[in-house]
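The values are calculated or read from the model by the stated rules, or taken from the named source; none is laboratory data. Note that the coordinates shown come from a computational prediction; the quantities given were computed from them, not determined experimentally. Here the Cβ positions follow ideal geometry from the backbone for every residue, glycine too, while neighbour counts run over all protein chains shown. The accessibility values were calculated without ligands, DNA or RNA, using every heavy atom of the protein model including side chains. Shrake-Rupley method; radii C 1.70, N 1.55, O 1.52, S 1.80 Å.
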Amino acid sequence: MKLVFAGTPQTAVPSLEALLESGHDVAAVVTRPDAPAGRGRRPAASPVARRAAEAGIEVLKPAKVRDPEFLDRLREIAPDCCPVVAYGALLPPVALAIPRHGWVNLHFSLLPAWRGAAPVQHAILHGDDMTGAATFQIEEGLDTGPVYGVLTEPIRADDTAGTLLERLAHAGARLLVDTMNGIEAGILEPRPQPGDGVSHAAKITTEDARVDWAAPAMRIDRLVRACTPAPGAWTTFRGERLKLGPVRPLAGGDPLPPGALRVRKNEVLAGTGTSPVVLGEVQPQGKRRMNAADWTRGVRLTDEDRLD
């Protein structure tokens, strides 16, 4: 089939790679406009745009998907189908109607669970044992369209949103190609999503990522892993922000008041609403990431110091 692929972040690149190798004709790529990146905050092309340019594929960067110039170009290309992975913008009906097989999204959850912007983060945050990916036909509702195919993936005890999303991105790329093959062959029909089991995964903000040390250790562990690498879990120490890498709940440890710190050998314990957690890497404001034990040696903890 002739395809126009829509995607933006690095998460979408494995799917673009798989489609380029699949035998389908990827005629163009749609991605978000260049955005400020790096310390200099200079405009930079998205990972998908860079990979498409390397492959010599036309790159379309509409400010809005309903822009007439973009829609006219899409009609000229006349794609059979538009596969989508983490594009980052809603598609209006006028765009959805152009490809004869519609737009097919690869979503990183087992729909109808965790519809929305942050399915992987919410699966970890809520303690799910299993997640996966699904391909579905995009319609006007948010992630409500009928499903073509699914795959499952267990969530490991030490998974961060980053590690889990990387596995799903590669496994999902194969699912997306299989879906394109099935649509082309006329042997794959999408099935409506169940009416029950619906949950929503709103974007996790920086404020959502602040640790409440009065929460149970398990809740804090899940929050930090769900927010790694983005937006990044954090707390404050001596009035300044301190970013946190994944922590480890300490089974059977002597309780500490919430936010209290204790150095034990080469470990740094932080008190929670239940048992303490062992801090991993931390990043003080304006400094590099470092092991928590190295950090405490530098700041010279006092008995009054707390994480807030």
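Quick notes
- Residue satisfying all of: in the stretch 179-205; small (G, A, S) and in a helix (DSSP H, G or I); surrounded by the fewest Cβ atoms within 10 Å (Cβ to Cβ) among these: A185
- Which listed residue, of A78, A28, is modelled with pLDDT of 95 or more and surrounded by 19 or more Cβ atoms within 10 Å (Cβ to Cβ): A28
- Condition check for T144: open to solvent by 30 Å² or more (accessible area, probe 1.4 Å), over 22 Å from E17 (Cβ atoms) and of a type outside the set (D, E, K, R): yes
- Options D208, D254; residue that is surrounded by fewer than 16 Cβ atoms within 10 Å (Cβ to Cβ) and not in a strand (DSSP E or B): D254
Every residue, every condition in (1) closer than 15 Å to V177 by Cα; (2) touching a residue at least 40 places away in the same chain (Cβ under 8 Å), yes or no:
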residue: L3; (1), (2): yes, yes
residue: E21; (1), (2): yes, no
residue: G38; (1), (2): no, no
residue: L71; (1), (2): no, no
residue: R75; (1), (2): no, no
residue: V85; (1), (2): yes, yes
residue: H101; (1), (2): yes, yes
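- Among the criteria (1) at pLDDT 95 or above; (2) open to solvent by 90 Å² or more (accessible area, probe 1.4 Å); (3) of a type in the set (D, E, K, R); (4) assigned to a loop (DSSP other than H, G, I, E, B), the one R241 does not fulfil is (4).
- Taken together, L106, L176, L165 contain a single residue that is in a strand (DSSP E or B), crowded, with 19+ Cβ neighbours inside 10 Å, in contact with a helix residue (DSSP H, G or I) (Cβ under 6 Å, 6 or more places away or on another chain) and touching a residue at least 60 places away in the same chain (Cβ under 8 Å), which is L106.
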